[in-house]
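*Asks:* I have a structure I would like to understand better, so I am pasting it below and will then ask my questions one at a time.
The values are calculated or read from the model by the stated rules, or taken from the named source; none is laboratory data. Note that the structure is predicted; figures quoted are calculated from it, not measured. Please note: Cβ atoms are built from the backbone with ideal geometry, for glycine as well, and neighbour counts cover all protein chains shown. Heads up: the accessible areas ignore ligands, DNA and RNA and are worked out on the full protein's heavy atoms, side chains in. Shrake-Rupley method; radii C 1.70, N 1.55, O 1.52, S 1.80 Å.
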Amino acid sequence: MSSLLLLTNALQPSTEVLPALGLLLHQVRVAPAEGPALVDTPGADVILIDGRRDLPQVRSLCQLLRSTGPGCPLVLVVTEGGLAAVTADWGIDDVLLDTAGPAEVEARLRLAMGRQQITADDSPMEIRNGDLSVDEATYSAKLKGRVLDLTFKEFELIKYLAQHPGRVFTRAQLLQEVWGYDYFGGTRTVDVHVRRLRAKLGVEHESLIGTVRNVGYRFVVPEKPERAEKAARDSAEKAERAARTGDPDGARAAAAKPAAGRAPQAAAERAKEAVARPAQG
């Protein structure tokens with residue numbers, strides 16, 4: 001027997017929202033379909049959401065629940081006419097018709113809980129790339145520990161890019177993977193969301209989302225500090241060798257060549273000293 005939480009604003013018993021529940025042995029608790037009402041509500045194995053009417057409000061509630069990380073499957077109960085309005089961006093795990101029989105309801109609940117368990121066991125809950133961490137369980141992203149205030153689609157976009165670091169995606173590919181096959185907007189939508197994401201990442205980290213001209217976007221893998229230091233040392237050594245061999249132009253070029261990342265101060269000073277040192281011979 002599972003614990004079910006039914007979110008509904010209807011002044012009806014749970015068996016009126018989903019009649020099949022009256023023929024099953026699950027424990028059903030009812031709460032108002034409002035975000036604040038969930039604060040003091042005990043956890044459940046599955047959350048059922050009454051979506052038989054007022055679909056715009058129900059959609060907002062579903063997205064709110066998903067963004068807060070309920071820790072259990074979200075199953076939407078709708079009428080047959082409401083099916084046409086449900087899309088992937090609602091953030092639900094499954095959908096049930098209010099006329100579904102007890103066998104179907106039982107099977108869908110069982111499968112939803114099973115998928116949740118498999119996901120919890122096998123999938124990484126957090127994606128880390130440099131200073132950025134993306135938590136799929138709570139639908140949140142952090143940059144150096146600071147929580148980014150992202151919309152649902154902004155989160156999905158940066159999560160998808162971070163899951164495939166270095167890989168270049170066209171705007172059409174991102175539109176298909178993040179917005180879904182049934183989205184009828186143009187690829188300009190991707191550009192707008194990328195611009196907003198970069199603004200929220202800030203000047204120091206906006207380059208995490210790189211633009212590949214005439215192609216699309218990619219997640220730029222941050223340079224490791226060891227590589228930055230090695231590049232700085234190599235630049236300094238080239239400047240020294242050029243200065244010793246009497247090639248001041250080569251020394252200046254080597255000293256001026258920027259290393260990836262932030263070059264250590266000591267290496268930069270060595271390069272400058274090599275340029276200033278007079279050639280011997």
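*Asks:* Take the residues of region 41-99 that are among the charged types (D, E, K, R) and in contact (Cβ under 8 Å) with a residue 60 or more places away in the chain: which is farthest from residue 156 (Cα to Cα)?
*Replies:* Among them, the one singled out is 98.
*Asks:* Within region 143-179, work out how many residues are open to solvent by less than 20 Å² (accessible area, probe 1.4 Å) and of a type outside the set (A, V, I, L, M).
*Replies:* 3
*Asks:* Now for a different question. Do we find a residue being surrounded by 14 or more Cβ atoms within 10 Å (Cβ to Cβ), touching a Pro at 6+ places or on another chain (Cβ under 8 Å) and under 20 Å from residue 128 (Cβ atoms) anywhere in region 198-211?
*Replies:* The answer is yes, given that some residue of region 198-211 is surrounded by 14 or more Cβ atoms within 10 Å (Cβ to Cβ), touching a Pro at 6+ places or on another chain (Cβ under 8 Å) and under 20 Å from residue 128 (Cβ atoms).
*Asks:* Please enumerate the residues belonging to region 64-112 that are at positive phi and open to solvent by 30 Å² or more (accessible area, probe 1.4 Å).
*Replies:* Within region 64-112, just 71 meets the criteria.
*Asks:* Then there is this: Can you tell me which of (1) within 28 Å of residue 149 (Cα to Cα); (2) crowded, with 16+ Cβ neighbours inside 10 Å; (3) at pLDDT below 90 is the one residue 36 doesn't meet?
*Replies:* (2)
*Asks:* Is it the case that region 27-40 has a residue that's in a helix (DSSP H, G or I) and closer than 24 Å to residue 1 by Cα?
*Replies:* yes
*Asks:* Continuing with this model, one more query. Checking residue 157 against (1) without any contact (Cβ under 8 Å) to a residue 24 or more places away in the chain; (2) assigned to a helix (DSSP H, G or I), only one condition comes out false. Which one?
*Replies:* Status for residue 157: all satisfied but (1).
*Asks:* Moving to a separate point now. Would you check if residue 189 is modelled with pLDDT of 85 or more, polar (S, T, N, Q) and open to solvent by less than 40 Å² (accessible area, probe 1.4 Å)?
*Replies:* yes
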